[in-house]
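Taken together, the values in this text are just the output of simple stated rules run on the coordinates, not laboratory data. Everything numeric in this text was worked out from a predicted model, so none of it was measured. Ideal geometry is used to build each Cβ from the backbone, glycine not excepted, and the neighbour counts take in all protein chains shown.
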Amino acid sequence: GENVEQHPSTLSVQEGDSAVIKCTYSDSASNYFPWYKQELGKGPQLIIDIRSNVGEKKDQRIAVTLNKTAKHFSLHITETQPEDSAVYFCAASGSGNTPLVFGKGTRLSVIA
Amino acid sequence: GAVVSQHPSWVICKSGTSVKIECRSLDFQATTMFWYRQFPKQSLMLMATSNEGSKATYEQGVEKDKFLINHASLTLSTLTVTSAHPEDSSFYICSARDPAGMEGTFGSGTRLTVV
């Protein structure tokens, strides 16, 4: 089955700096890669996703890149703000109704 | 966008009692819903896949008789934790798959505390 590795587990950046979180996956059949932001006591919120037919996607300060050959994908947050502080999870899944497999999460702290 | 409502947001129950958690897709029909459990500072672990009109598929190590899942309609799935014990205390989260794509829309989660 699919295995998703996520690094780093914790990340501290100064406000205004960029943050990068990386994930690798094992199943070459996976074709959907979402990123979630989870705040304390809340469910995960989808912030951006990418499908395997696309190499990069951007939404304002957030971007995701995908390298299918190397089986890794990354989340990039630019101009970080204190409200970006949260736990971020990457995930991967295949087609149909296969469930998402999550990475272990990255706790991002943005220091003002 | 797709909205999933999960209820209750938190519950405290006595050891040995049962607790039901509801997961509703508010503006779309979800033929498949997923139930996850999350312990503090850990990732989401899939418990089971809930398919409308059929039996749920449980992940290895998850007791189907303890975690009863019912997906009787296209907008509602329920998880019942039966004979709850303190070790069942956790954050339970459901998600529903939008039939138009592969996005997982998550509910807000249920904090279960068994005392």
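Here are the numbers for this structure:
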| quantity | calculated |
| --- | --- |
| Checklist (1) within 14 Å of chain B (Cβ to nearest Cβ); (2) among the hydrophobic types (A, V, I, L, M, F, W, C); (3) part of a loop (DSSP other than H, G, I, E, B) applied to A:Ala70, failing item | (1) |
| Filter result for the condition that a residue is away from chain A (no Cβ under 14 Å), in contact with a His (Cβ under 8 Å, 6 or more places away or on another chain) and touching a residue at least 40 places away in the same chain (Cβ under 8 Å), over B:Val81, B:Val114 | B:Val114 |
| Test for B:Tyr58: is it within 13 Å of chain A (Cβ to nearest Cβ) and either touching a Pro at 6+ places or on another chain (Cβ under 6 Å) or surrounded by 20 or more Cβ atoms within 10 Å (Cβ to Cβ) (or both) | no |
| Within the stretch A:36-50, considering residues that are closer than 15 Å to A:Gly103 by Cα, within 7 Å of chain B (Cβ to nearest Cβ) and not charged (D, E, K, R), the one surrounded by the most Cβ atoms within 10 Å (Cβ to Cβ) | A:Pro44 |
| Single condition B:Ser18 does not satisfy, out of (1) among the hydroxyl-bearing types (Ser, Thr, Tyr); (2) surrounded by 15 or more Cβ atoms within 10 Å (Cβ to Cβ); (3) more than 30 Å from A:Pro8 (Cα to Cα) | (2) |
| Residues of the stretch B:6-54 that turn out to be in contact with a Lys or Arg (Cβ under 8 Å, 6 or more places away or on another chain) and closer than 15 Å to B:Gly104 by Cβ, as a count | 11 |
